[in-house]
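**Student:** The structure that follows is given in the form of structure tokens.
Only the coordinates and a few stated rules stand behind these numbers; no lab work does. Here the structure is a predicted model, which means the values were calculated and not measured. As a convention, Cβ positions derive from the backbone with ideal geometry for all residues, glycine included, and neighbour counts pool all protein chains shown.
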Amino acid sequence: MVRFEKSVEEHKAEHRARLKHINELLTRAEKTGDKESKAELEELKEKQTEMGDYIEQLKAKSPEQFMQMGGPMVMWELVAQRLEKLIEKIKK
């Protein structure tokens, strides 16, 4: 289970890194002062806020809760881990 928890934490860290990158891009876009792109920038800021809220929700989730909301990637990871353990057991 330790490996699964590490995988969950890696996914959370990846989400945080992506949000940080989005924040940096928004800051750069705001500095350009391009009035023609203002509406799109405002829409993107709303999306960034949604992403930030999502990240906050992830922080509060246990690995099991994260798995349930993680979709197929997490499920595939769990299946792969079980298969690896099974192969190790068979080899012995």
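**Student:** How long is the gain from Ala39 to Lys20 if the chain were fully straight, where each residue apart is worth 0.36 nm and the alpha carbon distance is subtracted? If you can, show how the numbers build up before the last one.
**Tutor:** Values: separation 19, 0.36 × 19 = 6.84 nm, distance 2.17 nm.
Contour length minus the Cα-Cα distance gives 4.7 nm.
**Student:** Just want the answer: with Cβ charges of +1 for Lys and Arg and -1 for Asp and Glu, which residue in Ala39, Ala29, Ala17 is farthest toward the dipole's positive end in the stretch 6-46?
**Tutor:** Toward the positive end, the furthest listed residue is Ala17.
**Student:** With respect to the cross-link table entries Lys59/Lys85; Lys6/Lys91; Lys35/Lys59; Lys61/Lys85, which display a Cα-Cα separation exceeding 31 Å? Don't skip to the end; give the middle numbers.
**Tutor:** Values: Lys59/Lys85 28 Å; Lys6/Lys91 25 Å; Lys35/Lys59 36 Å; Lys61/Lys85 26 Å.
Lys35/Lys59, as the Cα separations exceed 31 Å there.
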